């Protein structure tokens, strides 16, 4: 079962609520701390784990993939531009990883993809783009999300 | 008004012994509620179990002297300056509310136990601090209630949505607000209204101290213990299985943290 929150570490800042792509991290009504309201829908993307400034969120991997006794913990340090993983296997082995997550300051030199030209019919039929899925909806426009489909009053 | 002890005038109608018994009863309710809360949630059992787990993973044993120094640091940074908060507004609001509460409760107890008679001459600093404490509580508390509460700020719920987690802050705000209104009515001799607001003040403070089992009140005892234990895990190298901070310079600025989590 996926993400869970250590209540003694959570200070209720809401970063995990904001970042969860499945809209399943929310605030508990009794203790005003973060809670995963639907572990079945969690796909362990680790967004909330990485976003939590107190490292209060951990993941219990699904048992067919990660048997009991393991530990996978991550530390994302955006000011240093690094992400560190510590993986402990249940036989006692430990692996540590340190990777970069940016090579230039955040917020600078972001490519403005929206300002690029939409590919014309000839470009779509070219060797480069001919296998792009129809879901690009270049002719019909992007799909719109219905607010009524969303849980817990999250509005986009 | 702010240098007049409202409890000395009150002693004409309510004997000071009754006020003192009430204060002691509230202390007992808080202690009892906290102990019942701990027994119900088995917090102590899990806390010590986690400490044992961390000790097994420790790479640098921590001596008693180092533990004492960590305890002092916890008090100085996490308790006295609410250092665990990453968000500045939340930190300031919490400091206002915390110190307002401490000043308000301490001066209430001093005035009730030492100066609750009509002939007593209360040093003006005490009622002044009492009013300042209540004001600090109101400023920090209302700011938190309307703007900072995470279910309002991050989930987009309206400020008037009330859930069980709001029991503590609402009873705290009610106590502080009614105490100030009562003090004003008492000083202005608005009879009838001063009795009403005194009654509401007592009711809200009874809910505040009596509701410990159901509210977040006891966090003021649990959080320092949790903060101390967290510092111990950093000192002994276990770090709750987290990787060590990377040995790299901080050179890229803030990423996702430069925006408030308000994308609702």
Subset of segment B:28-44 (residues that are more than 19 Å from residue B:231 (Cβ to Cβ) and within 20 Å of the chain's Cα centre (by Cα)): B:28, B:29, B:30, B:31, B:32, B:33, B:34, B:35, B:36, B:37, B:38
Qualifying residue in segment B:124-147 (condition: under 30 Å from residue A:35 (Cβ atoms), within 14 Å of chain A (Cβ to nearest Cβ) and in a loop (DSSP other than H, G, I, E, B)): no
Residue satisfying all of: in segment B:187-201; in contact (Cβ under 8 Å) with a residue 40 or more places away in the chain and surrounded by fewer than 17 Cβ atoms within 10 Å (Cβ to Cβ); farthest from the chain's Cα centre (by Cα) among these: B:188
Residue list for segment B:1-19, restricted to those being closer than 9 Å to residue B:116 by Cα and either in contact (Cβ under 8 Å) with a residue 40 or more places away in the chain or in contact with a helix residue (DSSP H, G or I) (Cβ under 7 Å, 6 or more places away or on another chain) (or both): B:5, B:6, B:7, B:8, B:9, B:10, B:11, B:16, B:19
Total residues in segment B:100-131, condition surrounded by 17 or more Cβ atoms within 10 Å (Cβ to Cβ) and farther than 17 Å from residue B:10 by Cα: 6
When residues of segment B:45-65 are limited to those that are in a helix (DSSP H, G or I) and over 28 Å from the mean Cα position of the chain (by Cα), the one farthest from residue A:90 (Cα to Cα): B:65
Selection count, segment A:19-45, where residues are touching a helix residue (DSSP H, G or I) at 6+ places or on another chain (Cβ under 8 Å), buried (at least 16 other Cβ atoms within 10 Å of the Cβ), facing another protein chain (nearest Cβ under 9 Å) and over 17 Å from residue B:255 (Cα atoms): 6
Residue list for segment B:230-264, restricted to those being in a loop (DSSP other than H, G, I, E, B) and touching a helix residue (DSSP H, G or I) at 6+ places or on another chain (Cβ under 6 Å): B:238, B:261, B:263
Among (1) assigned to a helix (DSSP H, G or I); (2) away from chain A (no Cβ under 14 Å) - the single one residue B:191 does not satisfy: (1)
Members of segment B:232-254 found to be at the interface with another protein chain (Cβ under 7 Å from one of its Cβ atoms) and touching a strand residue (DSSP E or B) at 6+ places or on another chain (Cβ under 9 Å), listed by number: B:241, B:242, B:243, B:245, B:246, B:248, B:250
Subset of segment B:5-22 (residues that are surrounded by fewer than 17 Cβ atoms within 10 Å (Cβ to Cβ) and part of a helix (DSSP H, G or I)): B:9, B:17, B:18, B:20, B:21, B:22
Filter result for the condition that a residue is more than 14 Å from the chain's Cα centre (by Cα) and at the interface with another protein chain (Cβ under 9 Å from one of its Cβ atoms), over A:94, A:78: A:78
Per-region count, segment A:46-58, residues assigned to a loop (DSSP other than H, G, I, E, B) and more than 11 Å from chain B (Cβ to nearest Cβ): 1
Segment A:102-113, residues that are out of contact with any helix residue (DSSP H, G or I) (no Cβ under 9 Å at 6 or more places or on another chain) and within 10 Å of chain B (Cβ to nearest Cβ): A:102, A:103, A:104, A:105, A:108
Given (1) part of a helix (DSSP H, G or I); (2) over 18 Å from residue A:10 (Cα atoms), number of the condition residue B:227 does not satisfy: (2)
Residues within segment B:206-222 that are surrounded by fewer than 18 Cβ atoms within 10 Å (Cβ to Cβ) and within 11 Å of chain A (Cβ to nearest Cβ), tallied: 2
Residue count for segment B:148-175, restricted to those that are facing chain A (nearest Cβ under 7 Å) and within 15 Å of the chain's Cα centre (by Cα): 1
Residue satisfying condition, being out of contact with any strand residue (DSSP E or B) (no Cβ under 8 Å at 6 or more places or on another chain) and not in a loop (DSSP other than H, G, I, E, B), within set B:110, B:2: B:110
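Computed from the coordinates by the stated procedures, all read-outs in this text should not be read as laboratory data. Given the structure is predicted, the values throughout are model-derived calculations rather than measurements. FYI the Cβ positions are ideal-geometry reconstructions off the backbone, even for glycines, and counts take in every protein chain you see.
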